[in-house]
Amino acid sequence: MNKYLSSIVQAFKTPELKKKLLITAFIFFIFRLFAHIPLPGVDLVKLRALFSQSEFLGLLDIFSGGTLVNFSVMAIGLNPYINASIILQLLTIVFPKLEELQKEGEFGREKINQYTRFITIPLAALQSLGMYALLRSQGIMGNLNPLQLISLVVTMTAGTVLLMWLGELISEFGIGNGISLLIFAGIVGRLPVFLGQTMMIVNEELLMNVAIFVIVGFAVVAGIVFINEAVRQVPVNYAKRIRGNKVYGGSSTYLPLRLNQAGVIPIIFAVSIVLLPSLLGRFVEQIPNPMIVGVARFIVNIFKTDGFVYNFVYFLLVIGFTYFYTAITFNPQKISAEIQKYGGFIPGIRPGSPTAAYLNYILTRITLAGALFLGGIAIMPAIVKQISGVASLTIGGTSILIVVSVVLETVKQIESQLVMRSYDGFLK
């Protein structure tokens, strides 16, 4: 902990990093400002009462960055962008041209980001319509004429585009992953509300259960930190090379393979997907067809946030996205080629394809441990909620998982930039 605090203090003493941190803080301020600008025509008292009664809407509010409960201009948040990212990542598997584009370095990544933005816009419009239908069915919004409805959809879609742009500004000019940090900011902004709801329902009978949950919460935080810090060190030796009268190489080092290469992204992706059936079900409930309404209500009921189906699917999605994102971010063939290029080898393993196969073998197994842990932590709050009886703690557990992971990733980026600047100063 002292190491992390000292890194943050040192960052504020470094002019360039201080500038990035201040830019990030300013974008946070803009985000929270827009999060409190409500759209017209919504009964906010009824809306907040609805959110306090629905765990599903509470979770949806978390991943909108805390903007949905106020029904602000950013009400649907980053969900369309996250879903667009998932769709595009899946399309890279289906279409070889997209896969080739992804491998073209900075130009390819910029193109992929551009396509993601294009897909985000229609998804945001559809989700805006779904949210309007849901609020109208609950008596929170009245019937809108076509012009008013178009205005509402355009405003909510523009809010998502603005939020997406703010996230990209953080990634480019600030510190850390902009999208993850905006979700983090929304969660931190809502945590006092969740804690207040918890304290209101706590009585003498529940006091012991809450104490148990707090202990479990500390254990969860410790586990997340441990998994994020855990690495499998693969030894790499470099052969001696003689050029002229000088000898190069001959050193030994190791290749650190993280237990959780994907960070918090699998959780964000998994929640975005597992919330879709309930959201679509509530939208389809408005169709005047008894059979369709019955199917929609059945889907909503089986995907309740405290139900077995929801948590089982959530667990599997976390595992699947952990493997999926790890395969995107870590390429054993590329790492093997880099090691071979500089005359390195793993003891007992031949360079080239055998090294790539060996790295893939290790990565598959350590990723399984990390994925199972993330999946277990993701559904653990629901299990503890069944034991403790405190409903709002389910939301708090999911929030803690994201907050801790984002903080760790951001601090690591700060540390890496501090190290890089130390080397720059040494070279000068």
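The values are calculated or read from the model by the stated rules, or taken from the named source; none is laboratory data. In this text, all values refer to a predicted model and were calculated from it rather than measured experimentally. Cβ sites come from the backbone with ideal geometry, for glycine too, and all protein chains shown count toward neighbours. Just so you know, the surface numbers come from the protein's heavy atoms only, side chains and all, with ligands and any DNA or RNA stripped out. Shrake-Rupley method; radii C 1.70, N 1.55, O 1.52, S 1.80 Å.
Among the residues of the stretch 341-356 satisfying the criterion of being surrounded by 14 or more Cβ atoms within 10 Å (Cβ to Cβ) and without any contact (Cβ under 8 Å) to a residue 40 or more places away in the chain, which is nearest to the chain's Cα centre (by Cα)? Among them, the one singled out is Ala356.
Among the candidates Phe63, Phe31, Phe71, the residue that is farther than 15 Å from Gln417 by Cβ, at pLDDT below 65 and crowded, with 19+ Cβ neighbours inside 10 Å is uniquely Phe63. Just need a number here: residues in the stretch 220-235 that are part of a helix (DSSP H, G or I) and either open to solvent by less than 70 Å² (accessible area, probe 1.4 Å) or not aromatic (Phe, Trp, Tyr) (or both). Within the stretch 220-235, residues that are part of a helix (DSSP H, G or I) and either open to solvent by less than 70 Å² (accessible area, probe 1.4 Å) or not aromatic (Phe, Trp, Tyr) (or both) number 9.
Taking residues in the stretch 357-377 that are in a helix (DSSP H, G or I), and partners anywhere that are aromatic (Phe, Trp, Tyr) and modelled with pLDDT under 85, the pairs with Cβ atoms closer than 8 Å and at least 6 places apart or on different chains are Leu363/Phe330.
Quick grid of which residues meet (1) without any contact (Cβ under 8 Å) to a residue 24 or more places away in the chain; (2) β-branched (Val, Ile, Thr):
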site: Phe298; (1), (2): yes, no
site: Phe303; (1), (2): no, no
site: Thr326; (1), (2): no, yes
site: Thr329; (1), (2): no, yes
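All of Leu88, Leu123 fail the test of being open to solvent by less than 20 Å² (accessible area, probe 1.4 Å), assigned to a helix (DSSP H, G or I) and under 23 Å from Leu166 (Cα atoms), apart from Leu88.
Taken as a whole, the condition of being closer than 30 Å to Phe218 by Cβ, modelled with pLDDT of 75 or more and basic (Lys, Arg) does not apply to Lys385. Here the condition is being at positive phi and at pLDDT below 75; of Gly217, Gly250, it holds for Gly250 alone.
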